Amino acid sequence: MHSDHVLLHGPRQTQQAFWLLLLCGLVVLGAGLGLRDPWPADEPRFALIAKQMVESGQWLFPFRGGEIYPDKPPMFMWAIALFYSLTGSLRIAFLLPSLLAGLGTLALVFDIARRLWDRATAFRAGLLLLFTVQFTIQAKGAQIDALVTFFITLGVYGFLRFLLTDAGWRWYYLGWFAAGLGIITKGVGILAALILIPALWTHRAQIRAASRQAWLKAIAGPLFLLLAIGLWLVPMVLAVAHQGDATYVAYRDNILFRQTVTRYANSWHHVKPFWYYLTEVIPAFWLPLSLFLPWLVWSCRDALRQGNRTVLLLLGYIVLVLLFFSLSPGKRGVYITPATPVLALLAAPWLPLWLQRRWPARLWSGLVWVLGAVLTVAAVVAALHGHPKLEAQLAELGGDPWPLLLSAGLCCLLLAAWLRKAPFTAVCGALSILWLHWGLWGYPLMNPVRTPIDIMQQVQQRVPAQDQVLILKFREQFLLFTPRPLEHWPYLMENKAQIAASLTWLTQGDGHRWLLAPAKFMENCFEPADTQPLGLRHGEEWTLYPQRALRASCRQSGEALTPFHYDPQQP
């Protein structure tokens, strides 16, 4: 265990330990920054909105290709837009908010762990969080969850400082304010306040003895939540009232009600059973800590019997977060990311004791061996491929990924053999290797097939500059990478309605109109000799259809709908 001893106790000075942790975080989370473009499903949407904010100067209301985006508050898009305006590079800007949010979350976990326990536990907690799979995925991507996790963790940090370190009411108010910032980021920022529910039990004596002044201070906490929300909500509501436009009224109502209360209580997609997180998310996405869940339960049981307030607060928060999302019919794995920082805090003090036992140490050592073996076998299979289905899957991964898989697999196997007596170091090292391979090698390998850049370049080359192009089954990445104007239908318009509207649009054109669409939707309506296949992208065979190739049987009469217009050259 000598290597683990060195890693767990870390540098001699707290400041050195802190900066070493952030350096590790920067290397792991920042690997690949600038080496790829936004990838679907969500990244192109947020990047496109941020790009339009900077170019148009319209920051209060998010637009994507001329259509208002009513699903999420604009905080995350603001962050991307800010970095885009500073750097001038969307490739760098779109990942910076998540990277900085991840580093900020690591800093908060380290600091509160140092205050609750000691420097070694703080460093250990930071590493556990950094290498929790779900946290790393979100901090290396451009979804909203890394940023909302930071704000929720900041809220929990403030509440813990107030509850456990006697730091004063300002930290209590910070907790509420951070929760409000989380709400205007993704609506669920109120999760930070869940830690106050177990506090009703752990601090029941103080609550009973509280003075009237203390009660008034406590009641004032939610006002700071409203203050944070008001930073966005008040200007938005006033602007909607000033505009007096039905589009903006619908935006206000959708984002305040349908995307919050309705989405939680009566979700219309991602419907999963109650136990979804316990059986399908936690075992894989909370690795490597999920391997220690039985020991975590036993350790928490003993601590609760001893009346440990810290454990009750942290464990209570995790259980309440899981319960909160499990009660909603709509579930996605990323939703429970805000529980991972507290999970790392909860496990860090006991990790050295667990690794002194035979089976926990074997499980972590075995994880490195399994990762190495799986990746090596996958590399061999990919190198010897020949099955058509496998060929198609490999094409979606950038052609031949077997050198990448083989390199990562062999590195993990060598590390497992070298550090077989230091499982903690081995796991951290192996996961570092995987994330560095993914960022520095995987990003450039996969970027050409995860973006439609080459398809949009073909459209630019084949369609005369004065002609119009309408895209069917609109996806933001096509707008993000188009060098020419595009017409598109509303994002939520049904496929059948889009097909009918597209045929009418073509029928009533003047001969200078083209349709860009998946082949499966339009192959029966056009003369094959005149269509132009552009290639496979995002699971669809994209094809360019000229107006002249439209068959008479598919020509539509009636009133034509007006599509949205997006011009990348116009603000």
Subject >> Selected residue (only one of 239, 210, 167 is within 30 Å of the chain's Cα centre (by Cα) and either part of a loop (DSSP other than H, G, I, E, B) or touching a residue at least 12 places away in the same chain (Cβ under 8 Å) (or both)) >> reply: 239
Subject >> Scan of the range 508-566 for residues that are touching a Pro at 6+ places or on another chain (Cβ under 9 Å) and assigned to a helix (DSSP H, G or I), ordered by number >> reply: 519, 530, 549
Subject >> Filter result for the condition that a residue is part of a helix (DSSP H, G or I), at pLDDT 90 or above and not polar (S, T, N, Q), over 394, 413, 390 >> reply: 413
Subject >> Matching residues, the range 13-41, being β-branched (Val, Ile, Thr) and loosely packed, with under 15 Cβ neighbours inside 10 Å >> reply: 27
Original post:
Across the range 479-522, which residue is nearest to the chain's Cα centre (by Cα) among those that are modelled with pLDDT under 90 and of a type in the set (Phe, Trp, Tyr)?
Top reply: 491
Original post:
Which one of the conditions (1) assigned to a helix (DSSP H, G or I); (2) surrounded by 24 or more Cβ atoms within 10 Å (Cβ to Cβ) does residue 142 fail to meet, given that it meets all the rest?
Top reply: (1)
**OP:** Read through the list (1) outside the structural domain of residue 256 (by TED's automatic domain parsing); (2) touching a helix residue (DSSP H, G or I) at 6+ places or on another chain (Cβ under 7 Å); (3) in a helix (DSSP H, G or I), then give the number of the only condition that residue 124 fails.
**Re:** (1)
**OP:** Of all residues in the range 41-78, count the ones that are modelled with pLDDT of 90 or more, in a loop (DSSP other than H, G, I, E, B) and among the hydrophobic types (A, V, I, L, M, F, W, C).
**Re:** 3
**OP:** Could you look through the range 215-248, keep only residues that are of a type in the set (Val, Ile, Thr) and under 17 Å from residue 58 (Cβ atoms), and pick out the one that is surrounded by the most Cβ atoms within 10 Å (Cβ to Cβ)?
**Re:** 240
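So that you can scan it fast, the table gives a plain yes or no per residue for (1) in contact with a helix residue (DSSP H, G or I) (Cβ under 8 Å, 6 or more places away or on another chain); (2) buried (at least 22 other Cβ atoms within 10 Å of the Cβ); (3) among the β-branched types (Val, Ile, Thr); (4) more than 19 Å from residue 131 (Cα to Cα):
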site: 342; (1), (2), (3), (4): yes, yes, yes, no
site: 349; (1), (2), (3), (4): yes, no, no, no
site: 358; (1), (2), (3), (4): no, no, no, yes
site: 376; (1), (2), (3), (4): yes, no, yes, yes
Subject >> One residue from 161, 124 being surrounded by fewer than 23 Cβ atoms within 10 Å (Cβ to Cβ), under 23 Å from residue 17 (Cα atoms) and at pLDDT 95 or above >> reply: 161
Subject >> Single unsatisfied condition, residue 46 versus (1) surrounded by 23 or more Cβ atoms within 10 Å (Cβ to Cβ); (2) among the aromatic types (Phe, Trp, Tyr); (3) more than 27 Å from residue 564 (Cβ to Cβ) >> reply: (3)
**OP:** Test each condition in (1) aliphatic (A, V, I, L, M); (2) part of a loop (DSSP other than H, G, I, E, B); (3) in contact with a Leu (Cβ under 9 Å, 6 or more places away or on another chain) for residue 26 and report the one that comes out false.
**Re:** (2)
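The values are calculated or read from the model by the stated rules, or taken from the named source; none is laboratory data. Here the structure is a predicted model, which means the values were calculated and not measured. We place every Cβ from the backbone using ideal geometry, glycine too, and count neighbours over all the protein chains shown.
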